[in-house]
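Asks: First, the structure itself, so that you have it in front of you.
Laboratory data are not the source of any read-out in this text; all were calculated from the coordinates shown. Just so it is clear, the structure is predicted and the values come from calculations on it, not from any experiment. Methodologically, a virtual Cβ is constructed for each residue, glycine included, from the backbone with ideal geometry; neighbour enumeration extends over all protein chains shown.
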Amino acid sequence: MTAAPTPRPPPESVADLITRARALAGRSVSELAADLGARVPPDQRRAKGFVGQLLERALGATAGSSDRPDFEALGVELKTIPVDGTGRPRESTFVCTIPMSEIAEVDWEQSRVYRKLAHVLFVPIESAPDLPLGARRIGGPVEWRPDEAQERDLRADWDELAGLVGRGDVESVTAHLGRYLQVRPKAAHSRIRGRAPEAEGGWLETVPRGFYLRATFTEAILRAALAPSMIT
DNA sequence: GATTGATCATAC
DNA sequence: GTATGATCAATC
């Protein structure tokens, strides 16, 4: 029960990272917080990123608030994902903000979405409205790289959505668009403005937006990991 | 009950 | 203000 924060060295390999993540499976948020010398926030409405940041520390993530992968040397991104009792994601998954003012000059392979989703370690977190933050348990990690079909679908979504923003139709982009990827506001509050292209060639001040993965998509990823051999 | 649009915490 | 980490809560 040491209270001093213990700096974790970064994992030396993907296998090392997964081994560490597996060692956390079954443990509760309060147990992990105690190990790291962190206090579990008393009001979970004000603790939205707490578990994700706790896992970063526990696993030795290096990127901090930079736009690099969480595990820079491995090129792996860490995502915690809240799941219900059946393992179904309870929320969409934030991917990245949209660089609206320059999105027209970016193609898929250069995009933040492509880079962020190239290699992800998902860590499910048991979650329910009536389950206190500290009592939530950490699940087994799921390493994921998009397969051919998944990348094709994500790219199609990105082409459509980024295309709309890039050609000045940002105001017509709602969260209804996109099969697996969607665009939603991403800001501290709705009065924040960013700059997006206007169809007429000028600039429009509008709320900053981000790309999110729909829960149907992450559900398929988690489900596939639980049924590794559906061939035959 | 699922989904969309809005919001919260922290570091720099 | 930027980025990171996300979930909340009003609405469909």
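Asks: Determine the sum of side-chain charges near A:Ser28: Lys and Arg each +1, Asp and Glu each -1, restricted to other residues whose C-beta is under 10 angstrom from that of A:Ser28.
Replies: +1
Asks: Right, another one. Quick query: amide H of A:Val83 versus all other amide H atoms, modeled in the peptide plane; which residues come in under 5 Å with a sequence gap of 5 or more or a different chain?
Replies: For A:Val83, whose amide H was placed from the backbone, the distant partners under 5 Å are A:Arg90, A:Ile125, A:Glu126, A:Ser127.
Asks: For the stretch A:24-38, just list the computed ³J(HN,Hα) in residue order, Karplus coefficients 6.51, -1.76 and 1.60, θ = phi - 60°, integers in Hz, with x standing in for Gly and Pro.
Replies: 8, 4, x, 7, 8, 4, 5, 5, 5, 4, 4, 4, 9, x, 9
Asks: Tilt of helix A:148-166 relative to the longest C-alpha principal axis of chain A, in degrees (0 to 90, nearest 10)?
Replies: 50
Asks: Now a separate question. How big is the stretch A:112-232 by the Kirkwood estimate over distinct Cα pairs, in Å?
Replies: Hydrodynamic radius (Kirkwood, Cα only) of the stretch A:112-232 equals 16.8 Å.
Asks: Within the stretch A:146-209, which GluC sites (Glu not before Pro) sit in a loop by DSSP and count at most 10 neighbouring Cβ atoms inside 10 Å?
Replies: A:Glu200
Asks: Still on this structure, please answer the following. Between the stretch A:1-72 and the stretch A:124-139, what is the C-alpha centre distance in whole Å?
Replies: Centre-to-centre distance over Cα atoms comes out at 15 Å.
Asks: Oh, and also: Compute the whole-percent fraction of alpha carbon pairs in the stretch A:1-150 spaced more than 29 Å apart.
Replies: Percent of Cα pairs beyond 29 Å in the stretch A:1-150: 19.
Asks: Add -39500 (n - 2.57) for each DSSP H run of 4 or more in chain A, then divide by its residues: what number comes out at 222 nm, to the nearest 500 deg cm²/dmol?
Replies: -8500 deg cm²/dmol
Asks: Then there's this: With Cβ to Cβ distances under 13 Å as the rule, what net charge do the other residues near A:Leu74 carry (K, R +1; D, E -1)?
Replies: Result for the local shell: -3.
Asks: Applying the Karplus parametrisation 6.51 cos²θ - 1.76 cosθ + 1.60 with θ = phi - 60° to the phi angles of the stretch A:40-49, what ³J(HN,Hα) value in whole Hz is obtained for each residue in order, glycine and proline being reported as x?
Replies: 6, x, x, 10, 6, 5, 10, 10, 4, x
Asks: Angle between the Cα long axis of helix A:215-226 and the longest principal axis of chain A, 0 to 90 degrees, nearest 10?
Replies: Roughly 40 degrees, rounded to the nearest 10.
Asks: Let me ask something else about it. Can you compute 3J(HN,Hα) from phi for each residue in the stretch A:171-183, using the Karplus curve 6.51 cos²θ - 1.76 cosθ + 1.60 with θ = phi - 60°, rounded to whole Hz and x for Gly and Pro?
Replies: For the stretch A:171-183, the Karplus-derived couplings read 6, 8, 8, 10, 5, 6, 7, x, 6, 10, 9, 9, 10 Hz, x marking Gly and Pro.
Asks: Give me the dipole magnitude in Debye, nearest 20, for the stretch A:14-152 about the Cα centre, with unit charges on the beta carbon: positive for Lys and Arg, negative for Asp and Glu.
Replies: The dipole of the stretch A:14-152 has a size of about 580 debye.
Asks: Let me know the charge dipole size of chain A about its Cα centre in debye, to the nearest 20, where only the beta-carbon of Lys, Arg (+1) and Asp, Glu (-1) is charged.
Replies: 880
Asks: Can you return the aspartates and glutamates within cross-link range of A:Lys48? Criterion is Cα-Cα under 14 Å, with same-chain partners fewer than 8 residues away left out.
Replies: Partners within reach: A:Glu91.
Asks: Quick one: net charge around A:Leu59, please, counting Lys, Arg +1 and Asp, Glu -1 for every other residue with C-beta under 14 Å from its C-beta.
Replies: Charge balance near A:Leu59 sits at -2.
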